[in-house]
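A.B. asks: Below you'll find the structure I mean.
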Amino acid sequence: MKAELDPQAAGQPSPLAIEPMVEADIQPVMRIEAQSFSTTWPSNAFYNELRDNALAHYFVGRAGGRIVAYGGIWVILEDSHVTTIAVASEERGRGYGEAVLLHLLDDAVARGAAWMTLEVRESNAVAQTLYRKYGFTTVSTRKGYYSDNNESALVMWAGNLRSEIYRNRLRALRAAALSRSPAS
Ligand SMILES: CC(C)(COP(=O)(O)OP(=O)(O)OC[C@H]1O[C@@H](n2cnc3c(N)ncnc32)[C@H](O)[C@@H]1OP(=O)(O)O)[C@@H](O)C(=O)NCCC(=O)NCCS
């Protein structure tokens, strides 16, 4: 392929195609899960979420034909909760995590959510920077939330997702993100 037609050869990340997660995706998702978290979900947790939890909505992002990112939310009336989000370690810093978060926000709003919350480790500066970019602020701390090292969790919230001001913010962020790494 000529360099100018190949996004990666031209220094641009491959476009990310985001689709609902299906059971066949769980194995590649588990590889990224193991790279990403010190306390990992067993594959059964993903199967249960996909099969049995009507409130749960999970997505995978594919680039260059393979799964490089995933994320999930629960939506309960006006509240949504990011349960997980991760990008393959070798694919970080290319806009994929942001694309997945944008997709989760879009999906939550489409399902009627007005608010989004998540927990993040106190030490996870990268994720916190991403969340703050999308208007999440810390509203409380859960002391010793993570059992592996007794680390505290910051509880962050964003909203009102349906307000004019938030929709404008999202529009501007989406345009900037698309200009850097095109979604497919
Ligand atoms: C957090 C995570 C999903 C971000 O995904 P990513 O694809 O690397 O991030 P992106 O390239 O989309 O970057 C989006 C934004 O995240 C923040 N960010 C990304 N990498 C960063 C870094 N090294 N330092 C600081 N902020 C960073 C920035 O705000 C960035 O926006 P900008 O490019 O305008 O500065 C990814 O690092 C990851 O999978 N980490 C391990 C799992 C995890 O911690 N998940 C979150 C649990 S709460």
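Since every read-out is calculated from the coordinates, none of them should be taken as a lab result. Just so it is clear, the model here is predicted, and its values are computed rather than measured. Counting neighbours? That spans all protein chains shown, and the Cβs are built from the backbone with ideal geometry, glycine included.
A.B. asks: What number of residues in the stretch 133-154 are surrounded by fewer than 17 Cβ atoms within 10 Å (Cβ to Cβ), in contact with a strand residue (DSSP E or B) (Cβ under 8 Å, 6 or more places away or on another chain) and not hydroxyl-bearing (Ser, Thr, Tyr)?
C.D. replies: Result for the stretch 133-154: 6.
A.B. asks: While we're looking at this one, here's another question. Quick one: which strands (runs of 3 or more DSSP E) lie wholly within the stretch 112-184 and hold at least 1 residues that are within 16 Å of the chain's Cα centre (by Cα)? Step through it out loud before you land on a result.
C.D. replies: Numbers: elements: 115-121, 137-146, 151-159.
Qualifying strands (runs of 3 or more DSSP E): 115-121, 151-159.
A.B. asks: Has the stretch 135-147 got at least one residue that is in contact (Cβ under 8 Å) with a residue 60 or more places away in the chain and closer than 17 Å to Phe37 by Cα? Walk me through how you get there before you give the answer.
C.D. replies: Of the residues in the stretch 135-147, the ones in contact (Cβ under 8 Å) with a residue 60 or more places away in the chain are 146-147.
The next check asks that each one be closer than 17 Å to Phe37 by Cα; those that pass are 146-147.
There is at least one residue in the stretch 135-147 that is in contact (Cβ under 8 Å) with a residue 60 or more places away in the chain and closer than 17 Å to Phe37 by Cα.
A.B. asks: Of the residues that make up the stretch 112-129, is at least one out of contact with any strand residue (DSSP E or B) (no Cβ under 8 Å at 6 or more places or on another chain), over 23 Å from Arg171 (Cα atoms) and not β-branched (Val, Ile, Thr)? Outline the logic, then answer.
C.D. replies: Taking the stretch 112-129 and keeping what is out of contact with any strand residue (DSSP E or B) (no Cβ under 8 Å at 6 or more places or on another chain), we get 124-126, 129.
Imposing the further condition that a residue be over 23 Å from Arg171 (Cα atoms) reduces the set to 124-125.
Checking which are not β-branched (Val, Ile, Thr) leaves us with 124-125.
Scanning the stretch 112-129, I find at least one residue that is out of contact with any strand residue (DSSP E or B) (no Cβ under 8 Å at 6 or more places or on another chain), over 23 Å from Arg171 (Cα atoms) and not β-branched (Val, Ile, Thr), so the answer is yes.
A.B. asks: Since Ala108 meets every condition but one in (1) free of Cβ contacts under 8 Å to residues at least 12 places away in the same chain; (2) of a type in the set (Gly, Ala, Ser); (3) part of a helix (DSSP H, G or I), which condition does it not meet?
C.D. replies: Of everything listed in (1) free of Cβ contacts under 8 Å to residues at least 12 places away in the same chain; (2) of a type in the set (Gly, Ala, Ser); (3) part of a helix (DSSP H, G or I), Ala108 misses just condition (1).
A.B. asks: Every residue in the stretch 131-147 that is among the hydroxyl-bearing types (Ser, Thr, Tyr) and within 15 Å of the ligand (Cβ to nearest atom), please. Explain how you work it out, then say what you get.
C.D. replies: So the first thing to find is which residues in the stretch 131-147 are among the hydroxyl-bearing types (Ser, Thr, Tyr), and the list is 131, 134, 137-138, 140-141, 145-147.
Tyr131, Tyr134, Thr137, Thr138, Thr141, Tyr145, Tyr146, listed by residue number.
A.B. asks: Does the stretch 117-131 hold any residues that are closer than 14 Å to Val82 by Cβ and of a type in the set (D, E, K, R), and which are they? Please lay out each step first, then the result.
C.D. replies: The first filter runs over the stretch 117-131 and keeps only residues closer than 14 Å to Val82 by Cβ, leaving 117-121, 124, 127-128, 130-131.
Listed by number, the residues that qualify are Glu119, Arg121.
A.B. asks: Across the stretch 28-84, what is the number of residues that are in a helix (DSSP H, G or I) and either in contact with a Ser or Thr (Cβ under 9 Å, 6 or more places away or on another chain) or hydrophobic (A, V, I, L, M, F, W, C) (or both)? So that I can check it myself, show each step before the final result.
C.D. replies: Let us first name the residues in the stretch 28-84 that are in a helix (DSSP H, G or I), namely 28-36, 43-52.
In the following step, the residues that additionally are either in contact with a Ser or Thr (Cβ under 9 Å, 6 or more places away or on another chain) or hydrophobic (A, V, I, L, M, F, W, C) (or both) were identified as 29-30, 32-36, 45-46, 49-50.
Going through the stretch 28-84 one residue at a time, the tally reaches 11.
A.B. asks: Among Val87, Val120, which is the only one that is touching a helix residue (DSSP H, G or I) at 6+ places or on another chain (Cβ under 8 Å), within 15 Å of Met156 (Cβ to Cβ) and near the ligand (Cβ under 7 Å from one of its atoms)?
C.D. replies: So the residue among Val87, Val120 that is touching a helix residue (DSSP H, G or I) at 6+ places or on another chain (Cβ under 8 Å), within 15 Å of Met156 (Cβ to Cβ) and near the ligand (Cβ under 7 Å from one of its atoms) is Val120.
A.B. asks: Looking at (1) within 11 Å of the ligand (Cβ to nearest atom); (2) under 16 Å from the mean Cα position of the chain (by Cα), which is the one condition that is false for Ala108?
C.D. replies: Result: Ala108 fails condition (1) only.
A.B. asks: Taking only the stretch 57-83 into account, find how many residues are over 17 Å from Ala24 (Cα atoms) and within 15 Å of the chain's Cα centre (by Cα). Working first, answer last.
C.D. replies: Initially, the stretch 57-83 is screened for residues over 17 Å from Ala24 (Cα atoms), giving 64, 73-83.
Then drop every residue that is not within 15 Å of the chain's Cα centre (by Cα), which leaves 73-75, 80-83.
Matching residues across the stretch 57-83 total 7.
A.B. asks: Please state which of the following conditions Ser179 fails to meet, knowing it meets all the rest: (1) polar (S, T, N, Q); (2) within 16 Å of the ligand (Cβ to nearest atom); (3) over 27 Å from Ala17 (Cα atoms).
C.D. replies: Every listed condition holds for Ser179 apart from (3).
A.B. asks: Considering Arg94, Arg62, Arg51, which residue is crowded, with 18+ Cβ neighbours inside 10 Å, among the basic types (Lys, Arg) and more than 8 Å from the ligand (Cβ to nearest atom)? Give the steps one after another, and end with the answer.
C.D. replies: Numbers: Arg94 fails: more than 8 Å from the ligand (Cβ to nearest atom); Arg51 fails: crowded, with 18+ Cβ neighbours inside 10 Å.
Going through Arg94, Arg62, Arg51 in turn, the sole match is Arg62.
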